[in-house]
Amino acid sequence: MPSLSQQQMLEIFSGLVAVGSCLDDSESLKTYGKDWTTAWEPCPALILLPASTEEVQAIVGAANEHGVALVPSGGRTGLSGGAVAAKSEVIVALDRMNQLGEFDPVDRTVVCQAGVITGQLQAFAQDQGLVYPVDFASADSSQLGGNISTNAGGVKVIRYGTTRQWVAGLKVVTGKGDILDLNKGLVKNATGYDLRHLFIGAEGTLGFVVEATMQLTSTPKASSVLVLGVPDFLAMTNLLDAFRKAFDLMAFEFFSDRALNYVLARGGTRPFETVTPLYALLEIEHVSEKTLEEILEVFERVKLQGWVEEGVMSQSQEQAHALWQLREGISESIASKMPYKNDLSVRVSKLPAFIEELDEVVRRSYPDMETIWYGHLGDGNLHLNILKPEDQSQEHFFQTCNEVNRHVFEIVEKYGGSVSAEHGVGLLKKPHLNYTRSATEIEYMKSLKAVFDPNGIMNPGKLV
Amino acid sequence: MKILVYLKQVPHQDARLDISSDGTWIEESNIKFEINSYDTYALEEALKAKDSEGAEVVVVTAGQDRVTQALRTALGMGADRAIHIKDEAVDASDVLGVAKVLAAVAKEESPDLILTGLMSEDSGFAAIGPMIGEFAGIASTTAVVGIEREGGKLTVERELEGGNLEVVEINTPCLVSVQTGINQVRYASLKGIMQAKKKTIDVKTAADLGVGDAISPKLTTEKVSVPVKGETAELVEGSTDEIAAKLAAKIKELGLL
Ligand SMILES: Cc1cc2nc3c(=O)[nH]c(=O)nc-3n(C[C@H](O)[C@H](O)[C@H](O)COP(=O)(O)OP(=O)(O)OC[C@H]3O[C@@H](n4cnc5c(N)ncnc54)[C@H](O)[C@@H]3O)c2cc1C
């Protein structure tokens, strides 16, 4: 793309948004230029904060005319560098499009601008006596536009699916500059290609999500949170199987003792004194008065099998919250260690064999590095984090990991898994996309991008 | 030392509550019940004393069959035995009647210390503690946020309005009702709950305790209802500046400044 001077950029774009909505001070450039990844130095040209779909459309128009690359930016909690601007791109941040619109109590849908914070929608749903069930540790910072563009998953996928399941309608501005109103909130709509689903998980490479009609659902009954001490991965997968057979689980998460120690270093208490290599966290809805009895029965059975050594159950909301913190606090607790993050998935049925092989390769490949396991086991999703040794430069560390991690990806490929279960591809996973998508498939993806974004202005260099 | 802990089973904080068909209480079928959170702090205080200096912890509750779950959980957390007052007349009584029955247990057990929560989360009378103390003929104090024991005397901190604390000395035996946050309540161990099956739960009626005649209710619930949503909210809309100006005008108009 032709390189324009900062002054030229300002002349082209600053008039397209309200006064005060075009930022180019160094502090803002640094903040808006990056997400949760640390491998890239932020270097955007400008930040634009549009307040309407029309303003977004005008920005896309000007970018096409002048050949300027745009980076859509949400809450910047992404973990794959999707919202990183390191090549003088113009950042278009949806922060000011943060209004909740019409709520329809019959359809149980609410219209949200793309910049609505996930937690804002959750709170709104609660006020209506309903629930927006997609949830994760970054929900108080991430935006719906970002959630939709990464098809965010989280801690309740086993019960409620990913973000995709909750998008009833979507309004987008394509890379070409057209406004499309997709699916219009319909439950059934058999009229050909569902373009809505192309934009879900597209990481801003096809256009901007500007508005979404989000589906809400009934509040579940009261639930209990269990944390169980588990001796090894085989026991863990057996446990998942046993509990899945007995209950329609709300969550089945796991973490290693190392992960737990990082969380505890920042506060909180151990669930029990017995130290086990792994822990499972389950949330179970009390569908009847018998549920507690049934939980105890299953516990007794898995205990006899030796799959569990210890276990506790929450007695109150505070305790449920404190137990969840042990799992949800992990990502933040290791952030200062600049982890190399793996976000792998396989079909649940393949987990036992997959984990066994993976564990073996990780031990062999990263003999001197600290590895932290946790994740959404119930969805076949493992977060394997490699922590940077203190004495290694970040660059060297990432290079080593990228090299060594090949063996990890080869196993993912062998088991027909994904190199990015829920964090997206962005910059981080782009070199490894081929382990999950075939060359032909990637070619089709590129062709699709060209249809919506013929000049390649939308988030270039990311995903495909 | 023997410590008696009174606890009540109440609907889970998250439970969806519907009014029962006769309009005098909530629909209890199919909701999850748990130990009243104030009482879990009382239980923890007792278990802490047991851990540090040894004590027999006896938990007591009144209610239908479902309350055995609360007792089993408490036993699983470390209580030694449990007393379940199972008597429809007690369930149909009022706070005064229940207090008489619970006090009769205290007289039978003669504990050194009675702990309970400041109030229940469902009916919220905050009265049963002092009533039990009175009927059992022992001193009581409420809203306690710190307990120190030395010999036959407790020094307790009570929470007052505005963040103030009152320090009270009280001789044992006595009854102390505790405020939430006084300690960190331990989790219920699943292994513990399983093993608690072996511990005893004594089932008694008001008549067994000699108070069968004294509990006819003096208080009946007329009606339980959901507050009607007000229609009087006025939404101020516009840009930040416009909203600020409209708010200022409204404040002046209402003569609030
Ligand atoms: C502590 C922590 C825990 C996390 N846990 C989870 C988890 O459990 N599950 C999970 O799935 N993720 C998790 N994440 C990752 C992250 O929060 C999600 O990917 C989230 O959906 C990103 O939303 P965001 O608004 O921050 O997006 P950003 O990071 O701002 O952007 C993500 C991508 O979407 C694009 N984008 C953003 N807004 C738009 C828009 N309006 N139109 C088009 N494209 C857009 C960006 O260009 C980028 O490619 C976690 C992150 C953190 C920091």
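The values are calculated or read from the model by the stated rules, or taken from the named source; none is laboratory data. Owing to the predicted nature of the structure, the values given are computational and were not obtained by experimental measurement. Cβ sites come from the backbone with ideal geometry, for glycine too, and all protein chains shown count toward neighbours. For the accessible areas, the whole protein counts, side chains as well, though only heavy atoms, and no ligand, DNA or RNA atoms are used. Shrake-Rupley method; radii C 1.70, N 1.55, O 1.52, S 1.80 Å.
Of all residues in region A:310-345, those that are farther than 16 Å from B:Ala188 by Cβ and within 9 Å of another protein chain (Cβ to nearest Cβ) total 0. Would you be able to tell me the number of residues in region A:443-464 that are in a helix (DSSP H, G or I) and away from the ligand (no atom under 16 Å from the Cβ)? Qualifying residue count for the region: 6. Going residue by residue through region A:281-288, is there one that turns out to be away from the ligand (no atom under 16 Å from the Cβ) and either farther than 16 Å from A:Lys245 by Cβ or among the aromatic types (Phe, Trp, Tyr) (or both)? Checked region A:281-288: at least one residue is away from the ligand (no atom under 16 Å from the Cβ) and either farther than 16 Å from A:Lys245 by Cβ or among the aromatic types (Phe, Trp, Tyr) (or both). Of the strands (runs of 3 or more DSSP E) entirely within region B:7-96, those holding at least 2 residues that are away from chain A (no Cβ under 14 Å) occupy B:56-62, B:81-85.
Taking A:Lys429, is it surrounded by fewer than 22 Cβ atoms within 10 Å (Cβ to Cβ) and among the basic types (Lys, Arg)? No.
Within region A:202-237, the set of residues being assigned to a strand (DSSP E or B) and within 15 Å of the ligand (Cβ to nearest atom) comprises A:Gly207, A:Phe208, A:Val209, A:Val210, A:Glu211, A:Ala212, A:Thr213, A:Met214. Residues that are charged (D, E, K, R), open to solvent by 50 Å² or more (accessible area, probe 1.4 Å) and more than 30 Å from A:Leu239 (Cβ to Cβ) within region A:366-405 comprise A:Asp368, A:Glu390, A:Asp391, A:Glu395, A:Glu403, listed in sequence order.
Quick one: which helices (runs of 4 or more DSSP H) lie wholly within region A:107-201 and hold at least 2 residues that are near the ligand (Cβ under 10 Å from one of its atoms) and away from chain B (no Cβ under 14 Å)? It would help to see each step written out before you state the result.
On the way: elements: A:118-127, A:144-150, A:157-160, A:195-199.
Helices (runs of 4 or more DSSP H) meeting the threshold: A:144-150.
Considering region A:394-433, the residues that are hydroxyl-bearing (Ser, Thr, Tyr) and not in a loop (DSSP other than H, G, I, E, B) include one that is modelled with the lowest pLDDT, namely A:Thr400. The residues in region A:408-426 that are open to solvent by 70 Å² or more (accessible area, probe 1.4 Å) and either under 14 Å from A:Glu203 (Cα atoms) or in contact with a Ser or Thr (Cβ under 8 Å, 6 or more places away or on another chain) (or both) can be counted, and the count is 1. Of all the criteria given as (1) closer than 28 Å to A:Pro431 by Cα; (2) more than 13 Å from the chain's Cα centre (by Cα); (3) among the hydroxyl-bearing types (Ser, Thr, Tyr), the one not satisfied by A:Thr109 is (1). How about region A:243-294: which of its residues are acidic (Asp, Glu), within 14 Å of chain B (Cβ to nearest Cβ) and under 17 Å from A:Gln325 (Cβ atoms)? The one that is acidic (Asp, Glu), within 14 Å of chain B (Cβ to nearest Cβ) and under 17 Å from A:Gln325 (Cβ atoms): A:Glu283. Of all residues in region A:60-106 being closer than 24 Å to A:Lys30 by Cβ, of a type outside the set (Val, Ile, Thr) and outside any loop (DSSP other than H, G, I, E, B), which is nearest to the ligand (Cβ to nearest atom)? Applying the filter and picking the extreme gives A:Pro72.
For region B:203-226, the criterion of a residue being within 14 Å of chain A (Cβ to nearest Cβ), within 22 Å of the chain's Cα centre (by Cα), of a type in the set (A, V, I, L, M, F, W, C) and not in a loop (DSSP other than H, G, I, E, B) is satisfied by no position.
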